[in-house]
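The values are calculated or read from the model by the stated rules, or taken from the named source; none is laboratory data. Bear in mind that the values here come from a model prediction, so they are computed numbers and not experimental data. Glycine also receives a Cβ, built like all others from the backbone with ideal geometry; neighbour counts cover every protein chain displayed. In case anyone asks, the SASA skips ligands and DNA or RNA and just uses the protein heavy atoms, side chains included. Shrake-Rupley method; radii C 1.70, N 1.55, O 1.52, S 1.80 Å.
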Amino acid sequence: MVFRRGALLDGVAIAVLLDASASMNATDVQPSRFEAAQAVARQLANDLTQEGLMTIILVGPQPRVLASATNDKLELRNAINAAQPTIGSANWETAFALAAGANGSVANSTTVLISDGGLPPAGKLPALTGEVRYVPIGGQSANLGISA
């Protein structure tokens, strides 16, 4: 698994993991890290091609799918707008498992992580197919734990 900075939508199946952990409530980015992350997710939804199918996963203590395998941009934006940050930690293992299920065995898939960091080492996360992109949010990334 290779993590890359950026958010290019190369895949037909796209899973967006939106970090909703407590640290996303920080206001070093205005109005907050979470709202900045929502703006990135909305832009990804707007950039989705007609052939693309996007799944939005909210990553909190109990990750959940907000929108599943759709190219309906209004549905995606509404799901992103309704999302709220939590006061708990992010369960990345479960979120990666949901993303792996969402993208299935589609070779041309992309997973986009929108987060301020704090991910466990790659070896402790379920494998993902296709490209994995990381979009950093926030002024500091000292808690970022991503490895190739």
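Taking 0.36 nm per residue of sequence separation and removing the Cα-Cα distance, the Lys73/Gln30 pair yields an extension gain of 13.0 nm. With kT/(6 pi eta Rh) evaluated at 25 °C and eta = 0.890 mPa s, and Rh the Kirkwood radius from Cα pairs, region 55-102 diffuses with a coefficient of 221 µm²/s according to Stokes-Einstein. Comparing Gln38, Gln62, Gln50 in a Gaussian network model of the chain where C-alpha atoms under 10 Å apart are linked, the largest mean-square fluctuation is found at Gln50. Full extension of the chain segment joining Asp47 with Lys124 gains 24.6 nm, where the gain is 0.36 nm per residue of separation less the Cα-Cα distance. Placing a pseudo-label 7 Å from each Cα along the Cα-to-Cβ vector at Ile87 and Arg64 gives an inter-label distance of 1.8 nm.
Taking every protein chain into account, the accessible area of region 29-148 amounts to 46 square angstrom per residue (probe 1.4 Å). For the chain, which whole-number percentage of the solvent-accessible area (1.4 Å probe, protein heavy atoms only) is attributable to carbon and sulfur atoms? Carbon and sulfur atoms account for 51 percent of the accessible area of the chain. When only alpha carbons of the chain are considered, Rg and Dmax amount to 13.6, 38 Å. Considering only alpha-carbon pairs that sit under 8 angstrom and 6 or more positions apart, the relative contact order computed for the chain is 34 percent.
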